[in-house]
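Below is one structure, written out as structure tokens, with a few remarks after it.
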Amino acid sequence: MLTELIQRLPKAELHIHIEGSFEPELMFEIASRNKINLDYDSVESLKNAYQFTQLQDFLDLYYQGMSALQIEQDFYDLTMAYMQQCKLENIVHAEIFFDPQGHTHRGVDFATVINGINAALVEAEQNLGISSHLIMCFLRHLDEQDAFKTLDQSLAHQDKIIAVGLDSTELGHPPQKFEGVFAKARELGYLCVAHAGEEGPAQYVKDTVELLQVNRIDHGNRCLEDPQLVKSLAYSQIPLTVCPLSNLKLGGVSDMRQHPLRELIDSGLMVTVNSDDPAYFGGYLSQNFIAVQESLGLSKTEIVQLVENSFKASFLNDELKQQHMAHISSISSEWN
Ligand code: HPA
Ligand code: ZN
């Protein structure tokens with residue numbers, strides 16, 4: 001079965017919100033030690049609330065869940081739990097989003113957030129052999145001024161952050177709104193990514209490429225509605241970080257057999273598979289691979305291609321990319 005190959009291959013994950021890996025059990029544990037009351041009285045009742053019809057339903061619970069996180073140790077525990085899951089799944093490199101404004105807006109210092117996350121990443125590199133980069137996302141439902149303020153706060157920690165990103169409510173908050181802050185971030189030496197085309201139209205994907213000058217698009221599914229745009233993405237090979245279980249849970253697709261991943265691959269795009277918010281959407285990276293493999297009938301060659309893409313599309317240097325590619329090639333060639 002290809003499930004075993006999916007497990008064996010070393011993988012990179014490029015679209016994971018660390019706050020979206022907050023499992024209910026850990027959330028209750030941390031809330032309890034911080035003496036914070038959650039709106040749900042048990043892990044079970046919280047899990048029962050994870051029924052979404054659109055992005056905003058999820059975001060409302062996601063911001064609520066974060067409120068348990070108060071001190072550095074909390075951010076360390078959250079991040080270490082994800083890194084341990086990476087180890088189990090043979091994820092050897094992760095590029096991880098965090099949402100500083102989700103914390104600073106409730107009185108938690110930027111430094112508390114990033115120092116806790118970073119301590120876990122440093123330890124995971126040493127003890128688990130997993131490399132990582134951090135991507136700081138701006139919340140797009142807030143104004144650009146607030147993003148500028150966050151960019152300012154990041155400067156003391158620039159050595160720990162490789163890129164800026166853009167997430168939260170997409171519809172009504174087009175990429176234009178953040179043109180200035182992305183230009184400033186680029187000038188400061190940050191790489192850029194942004195969510196686009198998850199719920200928003202193809203035009204948002206096009207504007208994200210042109211106005212925000214991103215190195216990758218997060219999701220990007222709805223680019224398929226504009227054939228010219230698809231051609232240009234195929235030509236530029238700007239990567240798309242696609243998140244199958246997320247799309248299913250948030251109503252972007254009604255059935256995994258209708259997921260656009262196959263069409264994106266067949267259009268020649270640089271596509272990767274990712275988990276987005278695994279604690280909320282019912283599965284980590286391997287489960288996302290298994291879901292699309294089974295529903296779309298992906299071949300061994302296609303699975304290997306997607307895993308190779310995860311490194312090609314990463315922010316690792318060329319030498320490291322080559323090392324990972326060689327490892328993939330040796331495993332896949334032994335596999336019949
Ligand atoms: N989309 C937009 N914003 C987000 C997401 C997502 O899937 N997850 C966390 N913030
Ligand atoms: Zn996302």
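So, of the residues in segment 9-37 that are in a loop (DSSP other than H, G, I, E, B) and more than 16 Å from ligand 2 (Cβ to nearest atom), which turns out to be surrounded by the most Cβ atoms within 10 Å (Cβ to Cβ)? Outline the logic, then answer.
Here is the first cut: in segment 9-37, the ones in a loop (DSSP other than H, G, I, E, B) are 9-10, 22-23, 34-37.
Narrowing the set further to residues that are more than 16 Å from ligand 2 (Cβ to nearest atom) leaves 9-10, 23, 34-37.
Values: LEU9: 23, PRO10: 17, GLU23: 18, ASN34: 14, LYS35: 7, ILE36: 13, ASN37: 10.
Per the stated criteria, the residue is LEU9.
Looking only at segment 40-58, how many residues end up being under 19 Å from the mean Cα position of the chain (by Cα), among the hydrophobic types (A, V, I, L, M, F, W, C) and part of a loop (DSSP other than H, G, I, E, B)?
1
Of all residues in segment 251-270, count the ones that are surrounded by fewer than 19 Cβ atoms within 10 Å (Cβ to Cβ) and within 16 Å of ligand 1 (Cβ to nearest atom).
The number of residues fulfilling the criteria is 2.
If you scan segment 295-309, which residues turn out to be free of Cβ contacts under 8 Å to residues at least 12 places away in the same chain and either part of a helix (DSSP H, G or I) or in contact with a Cys (Cβ under 7 Å, 6 or more places away or on another chain) (or both)?
THR301
Quick one: count up the residues across segment 230-250 that are over 18 Å from the mean Cα position of the chain (by Cα) and open to solvent by 10 Å² or more (accessible area, probe 1.4 Å). Steps first, answer last, please.
Kept after step one, since they are over 18 Å from the mean Cα position of the chain (by Cα), are these residues of segment 230-250: 230-237.
Next, only the ones that are open to solvent by 10 Å² or more (accessible area, probe 1.4 Å) stay: 230-232, 234-237.
Of the residues in segment 230-250, 7 are over 18 Å from the mean Cα position of the chain (by Cα) and open to solvent by 10 Å² or more (accessible area, probe 1.4 Å).
Just to be sure, is LYS312 within 14 Å of ligand 2 (Cβ to nearest atom), open to solvent by 40 Å² or more (accessible area, probe 1.4 Å) and either within 17 Å of the chain's Cα centre (by Cα) or touching a residue at least 60 places away in the same chain (Cβ under 8 Å) (or both)? Break it down into steps so the answer makes sense when it comes.
On the way: within 14 Å of ligand 2 (Cβ to nearest atom): no; open to solvent by 40 Å² or more (accessible area, probe 1.4 Å): yes; either within 17 Å of the chain's Cα centre (by Cα) or touching a residue at least 60 places away in the same chain (Cβ under 8 Å) (or both): yes.
Judged against the criteria, LYS312 is not a match.
State whether one or more residues within segment 288-296 are hydroxyl-bearing (Ser, Thr, Tyr), away from ligand 2 (no atom under 13 Å from the Cβ) and buried (at least 21 other Cβ atoms within 10 Å of the Cβ). Even if it seems obvious, please write down each step before you answer.
Step one: list which residues in segment 288-296 are hydroxyl-bearing (Ser, Thr, Tyr), which gives 295.
Still in the running and away from ligand 2 (no atom under 13 Å from the Cβ): 295.
With buried (at least 21 other Cβ atoms within 10 Å of the Cβ) added as a condition, the list becomes none.
No: segment 288-296 contains no residue that is hydroxyl-bearing (Ser, Thr, Tyr), away from ligand 2 (no atom under 13 Å from the Cβ) and buried (at least 21 other Cβ atoms within 10 Å of the Cβ).
So that you can scan it fast, the table gives a plain yes or no per residue for (1) open to solvent by 40 Å² or more (accessible area, probe 1.4 Å); (2) in contact with a helix residue (DSSP H, G or I) (Cβ under 6 Å, 6 or more places away or on another chain):
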{"site": "GLU179", "(1), (2)": "yes, yes"}
{"site": "VAL193", "(1), (2)": "no, no"}
{"site": "GLY197", "(1), (2)": "no, yes"}
{"site": "GLY220", "(1), (2)": "no, yes"}
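For GLY282, work out the one condition from (1) without any contact (Cβ under 8 Å) to a residue 24 or more places away in the chain; (2) on the phi > 0 side of the Ramachandran plot it doesn't fulfil.
Answer for GLY282: the failing condition is (1).
The values are calculated or read from the model by the stated rules, or taken from the named source; none is laboratory data. Small disclaimer: the values here were computed from a predicted structure and weren't measured. Please note: Cβ atoms are built from the backbone with ideal geometry, for glycine as well, and neighbour counts cover all protein chains shown. Surface accessibility is based on the protein's heavy atoms, side chains included, excluding ligands, DNA and RNA. Shrake-Rupley method; radii C 1.70, N 1.55, O 1.52, S 1.80 Å.
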